[in-house]
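The values are calculated or read from the model by the stated rules, or taken from the named source; none is laboratory data. On a predicted model such as this, the values are computed, not experimentally measured, just so you know. FYI the Cβ positions are ideal-geometry reconstructions off the backbone, even for glycines, and counts take in every protein chain you see.
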Amino acid sequence: MPKRRPSLLLLSAAHALNDGYGSFLAALMPLLIDRFGLSLAMAGLLSSIRTSAASFTQPVVGHLADRLGPRWLVLLGPAVTCTVMSLLGVLPNYTALAVALVFAGLGTAAFHPAAASLAGSFREERRGLAVSIFSAGGTVGVAMGPVLIAALVGRFGLSVTPALLLPAWILVGLLVWRMPQVARGPQEARLRLRTHPNARQLAHLWAIAVLREFVGASYTSFLSVLWVERGASVTVGGLSLTLFSLAGAVGGVIGGRLSDHLGRRKVIVGALLMTIPFLYLFLLTDGLVSMIFLGLGGMLLLASNPVSVIFAQELFPEHRGVVSGLVMGFAWGVGALLITALGWLGDRLGLEAALGIATGVLVPAAGIAAGLREPNPS
C-alpha cells in the first residue's frame, strides 16, 4: 500500500486549530489573576502545568506515531485541546483550572509529534520549507487565538468562552472528513540514544530548544500582563501576543527556507544571536516603537524553531516522531518549568527586569548551536 500524506495545508490548519485554542490562557491571564486573586508565581504555574503536560509525554506519543501511524493522534489532539480550553472561563476555582490545563496539554501532546513526523517526510530539497509551513500554521493559531478570546471576553465576559465549542467541533469534524488514511510506518529497530552516533548532536539540539522555549514562553505568558502594567488595555495585550506570534510564523517560514540553502546550523546560530538586541530594545522602549521591536524579536526567535526540528529528523530519519517529541515537546516542557521562576522574579524585580534576565539565556543557546555539525539529509 503506497504511503499517503495529507496536504501541508491540512496539517497547517489542524496545527492552527490546536494551538489557537491552546493560546487562550495567556490572553485570559490578567482576568484570571483578578478573578482568583493570583500572584504572578501562581499564574506562571498555570502556564507551566499546561505546557509541561503537553510536553513530557510527546516522546512516547511520537513513538506511537512511528509504530502505529499518526492519523488518529493528529485528529484527537485538536478535539481534546479545543474542548477543554473553551471551558476556561466558567471553571469555578484555581484547582479546576489546573486540572483542565493538564487535559488540554495532553491533547496537544497527542497532536504535535505525529503531525511533525508527517510534515518532515517530504522531499529533502523541500523539507525545510514543509516543516516551517507546518510550524507556521501553529504560530498563526497562537497569534489569532489571543485576539479572538480577548475580543470576546472583553465584550461579553469570561462566561462566553463555552460558545467557542461549536466552531471548534465543526472544524474538528472537517478534519476527520478530509484527513486521509496514512500508511503505518516501518517497524524500525528500537531507538538507543546512548549508543547512537548522533546522540550528542540531539542532546545539543534539545538544550537549545529548552533555552529558546524558556525565553519564548516567558514572553508569551506575561506579555499581556506587562502591557496592562504599562497602562494599556487587555485588548492591546492580546494584540501584542498576536504580533509576536505572527512575526514568529513569518520568521519560521523564512528560517526553514533559508536552512534548505544555507544549512541548518548557520540559520539557528544567526537567528538566536540576532534576537537578543531586539528583545532588549522592546523592554527599554514603549508604545509603537516597542511593538516594532517586539515583532522583530519574535520573528528572529522563532525562525530557528522549525529548523531545529528538521535538524533532529535528519539525524534520526527512521525515528522522526520520537525525536520530534524530544526536541519539541520534552524540551519545551523543561523550558516551561522555568516560567514559574520567571514569575517569582517578576514579583520581586518587576516583569521587565525578569524578562531581561530571561533574554540573556539566548547567549549560551547560540554558543551550543555553534558546535553543531550539519546532518546528512535522507
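At a glance:
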{"item": "Helices (runs of 4 or more DSSP H) within region 220-332 that include 3 or more residues modelled with pLDDT of 90 or more and surrounded by fewer than 19 Cβ atoms within 10 Å (Cβ to Cβ)", "result": "264-284, 287-303"}
{"item": "Enumeration of residues in region 92-143 that are of a type in the set (Val, Ile, Thr) and modelled with pLDDT of 80 or more", "result": "95, 99, 102, 108, 133, 140"}
{"item": "Qualifying residue in region 173-195 (condition: modelled with pLDDT of 85 or more, under 23 Å from residue 72 (Cβ atoms) and in a helix (DSSP H, G or I))", "result": "yes"}
{"item": "Tabulated pairs, region 337-360, first part of a helix (DSSP H, G or I), second surrounded by fewer than 17 Cβ atoms within 10 Å (Cβ to Cβ) and of a type in the set (A, V, I, L, M), C-beta under 7 angstrom, 6+ apart or interchain", "result": "345/357"}
